[in-house]
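The values are calculated or read from the model by the stated rules, or taken from the named source; none is laboratory data. Because the structure is a prediction, the values reported are computed rather than measured. With ideal geometry, Cβ positions are generated from the backbone for all residues, glycine too; neighbour counts draw on all protein chains shown. Side chains included, ligands, DNA and RNA excluded: accessible areas come from the protein's heavy atoms. Shrake-Rupley method; radii C 1.70, N 1.55, O 1.52, S 1.80 Å.
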Amino acid sequence: MIPGSFSYHRPASVADAVKLLSDLGEEARPLAGGHSLVPMMKLRLATPAHLVDLHGIAALKGISRNGNNLIIGAMTTQHELLASDEVAKAMPILHEAALLIADPQVRYRGTIGGNVANGDPGNDMPALMMTLEATYRLEGPGGTRDVAAADFYQGAYFTALEPGEILTSVSVPVPAAGHGYAYEKLKRKVGDYATAAAAVVLTMSGGKVVTCAIGLTNVHETPLLAIDAAKAVIGTSLDAATLKKAAAAASAIMAPAADARGPVEYRKHVGGIMVTRALQRAAAIAK
Ligand SMILES: Cc1cc2nc3c(=O)[nH]c(=O)nc-3n(C[C@H](O)[C@H](O)[C@H](O)COP(=O)(O)OP(=O)(O)OC[C@H]3O[C@@H](n4cnc5c(N)ncnc54)[C@H](O)[C@@H]3O)c2cc1C
């Protein structure tokens, strides 16, 4: 449980971090909260020769509002998300989901940038960011570009990040006033990753669903958007038959691994239940 040896770098600007990562090449990795990377290093599943610590870069911190978007700096911790009144008011599902990540110790160190850039299908933020139609800002040797969260995940631990690039911020459109929301996560115990989880953001009018987005965590090698399930509920009052149809449509795209959290069929079944519960709770909240 002791990591291999590495050299430590602490740049003071994004430009310096990008230059270091580009110069040092494949053997270098950005270090954020270290709560995914360091455990991997201890297990020797990751053996970077260089760690480029992002903690000295003030520009990567903080939460601000730009028009209808919340801009969250990559080095903002999960604890800081929870402490933000702006997040709690404008985007309560983000507050709710952050509270379901691990435990306070992990949330004090773990960052939103590390959580979404890691590419771990077990992380909670990626599916939520897809549901909220977030965009990631990436900065690298070739300049700055924005990538939709929905286009970012390519496989387990494979993302759209190019060599030398870092994720600098996440831009999240604020959902409509009166929207309904829920993040339902089944885990074996407090502090565990999801056996399966579902995020729902919807709007309703006259008792019927007008818009709906559904994201799924840890039921596939990447986070998923359950597009057909979301379509199935539009225009309905979420009656029992519709809920069943939506859960079935969501389960149909799930392909979880059989692991200590259960066999494939169980995790798909649980995933469907998470979708049902999230839809019901979101509808009850919507005004
Ligand atoms: C006991 C335990 C339980 C946990 N449970 C959960 C859980 O239930 N749900 C959940 O979502 N997470 C969970 N986590 C993971 C936790 O949320 C991590 O903090 C998070 O996944 C990674 O964030 P980090 O800031 O620690 O990143 P790090 O561990 O520092 O980095 C993770 C990866 O992302 C890369 N990276 C980091 N920042 C950037 C950046 N800005 N640009 C480009 N690449 C970057 C790193 O190079 C590394 O490959 C748990 C962790 C532990 C230790």
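Of everything in segment 249-272, what is open to solvent by less than 60 Å² (accessible area, probe 1.4 Å) and part of a helix (DSSP H, G or I)? Give them in sequence order.
A249, A250, S251, V264, R267, K268, V270, G271, G272 - these are the residues of segment 249-272 that are open to solvent by less than 60 Å² (accessible area, probe 1.4 Å) and part of a helix (DSSP H, G or I).
Across segment 24-58, which residue is farthest from M75 (Cα to Cα) among those that are part of a helix (DSSP H, G or I) and within 11 Å of the ligand (Cβ to nearest atom)? Break it down stepwise before answering.
Here is the first cut: in segment 24-58, the residues part of a helix (DSSP H, G or I) are 24-27, 37-42, 58.
Okay, now just the ones that are also within 11 Å of the ligand (Cβ to nearest atom), so 37-42.
On the way: L37: 15, V38: 16, P39: 19, M40: 20, M41: 20, K42: 22 Å.
So the residue we want is K42.
Report the residue count in segment 256-280 for those that are touching a helix residue (DSSP H, G or I) at 6+ places or on another chain (Cβ under 8 Å) and not basic (K, R).
12
Per-residue answers, yes or no, for (1) under 20 Å from I71 (Cβ atoms); (2) surrounded by fewer than 17 Cβ atoms within 10 Å (Cβ to Cβ); (3) assigned by TED's automatic domain parsing to the domain that holds G25:
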residue: P121; (1), (2), (3): no, no, no
residue: M130; (1), (2), (3): yes, no, no
residue: L138; (1), (2), (3): yes, no, no
residue: G143; (1), (2), (3): yes, yes, no
residue: E162; (1), (2), (3): no, yes, no
residue: I166; (1), (2), (3): yes, no, no
residue: K185; (1), (2), (3): no, no, no
residue: K189; (1), (2), (3): no, yes, no
residue: Y193; (1), (2), (3): no, no, no
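So I71 ticks every box in (1) out of contact with any Pro (no Cβ under 6 Å at 6 or more places or on another chain); (2) within 27 Å of Q154 (Cβ to Cβ); (3) without any contact (Cβ under 8 Å) to a residue 40 or more places away in the chain; (4) open to solvent by less than 50 Å² (accessible area, probe 1.4 Å) but one. Which box is left unticked?
So I71 meets the others, but not (3).
When segment 232-248 is examined, which residues are found to be assigned to a helix (DSSP H, G or I) and surrounded by 14 or more Cβ atoms within 10 Å (Cβ to Cβ)? Before you say what the answer is, go through the steps one by one.
Of segment 232-248, the ones assigned to a helix (DSSP H, G or I) are 232-233, 240-248.
Passing the criteria: A232, V233, T242, L243, K245, A246, A247, A248.
Taking segment 195-231 as the search range and keeping residues that are assigned to a helix (DSSP H, G or I) and surrounded by fewer than 18 Cβ atoms within 10 Å (Cβ to Cβ), which one is farthest from the ligand (Cβ to nearest atom)?
Pass one, segment 195-231, residues assigned to a helix (DSSP H, G or I): 227-231.
Checking the rest, the ones that are also surrounded by fewer than 18 Cβ atoms within 10 Å (Cβ to Cβ) come to 227-228, 231.
Working: I227: 23, D228: 25, K231: 27 Å.
Selected residue: K231.
Going through segment 11-23 one residue at a time, which ones are in a helix (DSSP H, G or I), away from the ligand (no atom under 11 Å from the Cβ) and either assigned by TED's automatic domain parsing to the domain that holds D192 or of a type outside the set (S, T, Y) (or both)?
Just the residues of segment 11-23 that are in a helix (DSSP H, G or I), to begin with: 14-23.
Still in the list and also away from the ligand (no atom under 11 Å from the Cβ): 15-16, 19-20, 22-23.
If the condition is that a residue be in a helix (DSSP H, G or I), away from the ligand (no atom under 11 Å from the Cβ) and either assigned by TED's automatic domain parsing to the domain that holds D192 or of a type outside the set (S, T, Y) (or both), then A15, D16, K19, L20, D23 are the ones that fit.
What about S84, is it within 16 Å of V174 (Cα to Cα), open to solvent by less than 30 Å² (accessible area, probe 1.4 Å) and among the hydroxyl-bearing types (S, T, Y)? Spell out how you get there, then give the answer.
Numbers: within 16 Å of V174 (Cα to Cα): yes; open to solvent by less than 30 Å² (accessible area, probe 1.4 Å): yes; among the hydroxyl-bearing types (S, T, Y): yes.
So S84 fits the description; yes.
Can you work out which of the residues in segment 94-108 that are of a type outside the set (G, A, S) and near the ligand (Cβ under 6 Å from one of its atoms) is surrounded by the fewest Cβ atoms within 10 Å (Cβ to Cβ)? Don't jump to the end; show me each part of the working.
Step one: list which residues in segment 94-108 are of a type outside the set (G, A, S), which gives 94-96, 99-101, 103-108.
Within this subset, residues satisfying the condition of being near the ligand (Cβ under 6 Å from one of its atoms) are 101, 106.
Values: I101: 22, V106: 16.
For segment 94-108, the residue satisfying everything is V106.
Between a first residue in segment 159-171 that is among the hydrophobic types (A, V, I, L, M, F, W, C) and more than 9 Å from the ligand (Cβ to nearest atom) and a second residue that is open to solvent by less than 20 Å² (accessible area, probe 1.4 Å) and assigned to a loop (DSSP other than H, G, I, E, B), which pairs have beta carbons less than 8 Å apart while being 6 or more apart in sequence or on different chains?
Close Cβ pairs (under 8 Å, with a partner that is open to solvent by less than 20 Å² (accessible area, probe 1.4 Å) and assigned to a loop (DSSP other than H, G, I, E, B)) amount to V170/A74; V170/A134.
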